[in-house]
Amino acid sequence: MLLLLLACNSDSPGDSADPSAVQYNRDVAPILRDNCVSCHQAGAIGPFGLEDYEQVSLLANQVLDSVESRRMPPYLADASGACNDYHDAKWLSEDEIATIRDWVDGGLVEGNPEDHPGAPDPLPELEEVSHTLDLGEVEVAFAQSSDAYRCFIVDPGVTEEGFLTGFEVLPGNPEIVHHLIVYAPSDEAALAEAYELDDADSGEGYTCFGDARVDASMLASWAPGTSVNRYPEGTGIRVKPDMPVVVQMHYNNASDDHLDSTKVNLQIEPQVETEMLSFFWVDATLNIPPGQESHSEESVVSLSDFGVPIALNLWAVAPHMHKLGRSEQAWLEHEDGSETCLVDVPRWDFNWQLAYTFTEPVRVEPSDAIGMRCTYDSTSVDEVTNWGDGTQDEMCLLTMFVSLP
């Protein structure tokens with residue numbers, strides 16, 4: 001009722017309100033269009049729309065709380081510049097958050113409808129589609145949980161070795177498709193293990209909470225709000241011929257329609273200037289005691305100790321923990337004692353797993369050490385938690401996308 005009263009008492013488009021007052025159409029709508037509306041519109045995964053004044057004014061306090069706490073937009077890494085700079089960061093500046101706060105505190109002034117920036121531009125499309133991952137029609141079973149994690153083995157039909165330079169995700173049911181990750185099995189043995197998991201599971205695909213559950217590297221990751229993802233110009237990840245991949249789907253039970261038919265279009269080119277590799281940097285010696293509000297595990301390992309004898313260019317990183325995770329940081333420690341922050345995730349959310357691409361690649365020398373710190377809240381468990389793939393286990397992991405200089 002308070003929200004309704006605020007909306008009713010706010011200035012209408014025809015009012016001669018103070019032009020210096022923060023207004024929805026002129027000041028707030030552009031922020032929401034650029035950072036929120038791609039998910040919060042009809043047919044998308046957002047549970048409500050944020051496309052016009054009526055929708056936003058009724059949810060104004062919730063919107064303000066979400067952006068002040070940085071739960072939304074769901075860009076987990078600190079992109080303020082304090083750690084590093086990333087491409088296409090959906091991160092509200094302090095000024096943008098202050099604008100929304102001033103609008104709410106100022107009475108939800110609507111302003112002139114002609115100042116509204118209009119709908120966001122259509123999501124870009126992939127210039128060239130060479131192959132497609134087609135999941136077919138899937139009926140998602142949620143059991144007693146609001147989330148389902150399923151892996152599907154899909155053959156992209158690649159007959160000659162090439163390099164993945166971009167991909168486009170076409171969610172079949174945008175209301176339930178939360179995120180997906182494409183994994184490339186390391187070899188035939190890993191692929192055979194995936195088929196065994198699939199055969200042993202009675203449902204479509206197989207359950208895969210943490211990752212693909214087989215030895216595999218990450219080819220692509222996606223979350224709502226974007227459609228096309230491109231690797232930095234001139235780079236690509238090698239794709240083996242005649243090798244199916246594993247597509248991990250995270251579904252959220254946000255609709256009565258549980259049918260999905262997601263497709264992933266791939267742009268695979270025969271050659272690239274720079275081959276990019278992905279591998280996992282892990283701290284697998286986790287020993288998280290129960291009943292702790294904040295318990296940290298930290299490791300620092302040099303590349304030379306890890307068996308990397310040459311310098312690397314680091315293009316992107318993707319942090320990963322499970323549901324006890326609360327924050328994760330990764331950094332480089334240089335031989336001269338200085339440090340380079342790679343990623344700082346102050347508020348981990350398992351439901352929003354993203355890869356963060358640097359605006360400029362970070363050079364990593366063999367003498368550098370990689371530090372990683374993961375912090376957990378174990379108050380919900382009564383036993384020690386160790387490393388593992390299961391829902392009850394934990395991880396402290398960083399996917400790294402690198403190339404030779």
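The values are calculated or read from the model by the stated rules, or taken from the named source; none is laboratory data. Remember, predicted model here, so these are calculated numbers, not experimental data. Here the Cβ positions follow ideal geometry from the backbone for every residue, glycine too, while neighbour counts run over all protein chains shown. Quick note on the areas: whole protein, heavy atoms, side chains included, nothing else; ligands and nucleic acids left out. Shrake-Rupley method; radii C 1.70, N 1.55, O 1.52, S 1.80 Å.
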- By residue number, the members of the stretch 41-77 that are open to solvent by less than 70 Å² (accessible area, probe 1.4 Å), in a loop (DSSP other than H, G, I, E, B) and out of contact with any Cys (no Cβ under 8 Å at 6 or more places or on another chain) are GLN41, GLY43, ALA44, GLY49, ASP52, LEU59, SER69, ARG70, PRO74, TYR75, LEU76
- How about the stretch 92-137: which of its residues are open to solvent by less than 60 Å² (accessible area, probe 1.4 Å) and free of Cβ contacts under 8 Å to residues at least 40 places away in the same chain? SER93, ILE97, ALA98
- Query: When you scan the stretch 334-354, how many residues do you find that are open to solvent by 50 Å² or more (accessible area, probe 1.4 Å) and in contact (Cβ under 8 Å) with a residue 40 or more places away in the chain?
  - Reply: 2
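Report yes if some residue within the stretch 142-149 is in contact (Cβ under 8 Å) with a residue 24 or more places away in the chain, open to solvent by less than 30 Å² (accessible area, probe 1.4 Å), within 24 Å of ALA200 (Cβ to Cβ) and of a type in the set (Ser, Thr, Tyr); otherwise report no. Let's see the steps before the verdict.
From the stretch 142-149, those in contact (Cβ under 8 Å) with a residue 24 or more places away in the chain are 142, 145-149; that's our starting set.
So of that shortlist, the ones also open to solvent by less than 30 Å² (accessible area, probe 1.4 Å) come out as 142, 147-149.
Okay, now just the ones that are also within 24 Å of ALA200 (Cβ to Cβ), so 142, 147-149.
Subsequent filtering for residues that are of a type in the set (Ser, Thr, Tyr) retains 149.
There is at least one residue in the stretch 142-149 that is in contact (Cβ under 8 Å) with a residue 24 or more places away in the chain, open to solvent by less than 30 Å² (accessible area, probe 1.4 Å), within 24 Å of ALA200 (Cβ to Cβ) and of a type in the set (Ser, Thr, Tyr).
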- Among the candidates THR375, THR357, single out the residue that is polar (S, T, N, Q), out of contact with any Gly (no Cβ under 9 Å at 6 or more places or on another chain), within 30 Å of ILE45 (Cα to Cα) and buried (at least 18 other Cβ atoms within 10 Å of the Cβ). THR357
- Task: Please enumerate the residues belonging to the stretch 244-290 that are charged (D, E, K, R) and in contact with a helix residue (DSSP H, G or I) (Cβ under 9 Å, 6 or more places away or on another chain).
- Result: none
- Selection over the stretch 13-40 where residues are assigned to a helix (DSSP H, G or I) and open to solvent by 30 Å² or more (accessible area, probe 1.4 Å) yields a count of 5
- Message: Just to be sure before I move on: is ILE45 modelled with pLDDT of 95 or more and either within 25 Å of the chain's Cα centre (by Cα) or of a type outside the set (Phe, Trp, Tyr) (or both) in the structure I sent?
- Response: no
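Farther than 18 Å from VAL317 by Cα, of a type in the set (A, V, I, L, M, F, W, C) and open to solvent by 40 Å² or more (accessible area, probe 1.4 Å): is that true of LEU170 in this structure? Working first, answer last.
Numbers: farther than 18 Å from VAL317 by Cα: yes; of a type in the set (A, V, I, L, M, F, W, C): yes; open to solvent by 40 Å² or more (accessible area, probe 1.4 Å): yes.
Answer is yes for this residue.
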- Within the stretch 223-333, which strands (runs of 3 or more DSSP E) (wholly inside it) include 3 or more residues that are open to solvent by 30 Å² or more (accessible area, probe 1.4 Å) and at pLDDT 95 or above? 295-302, 325-333
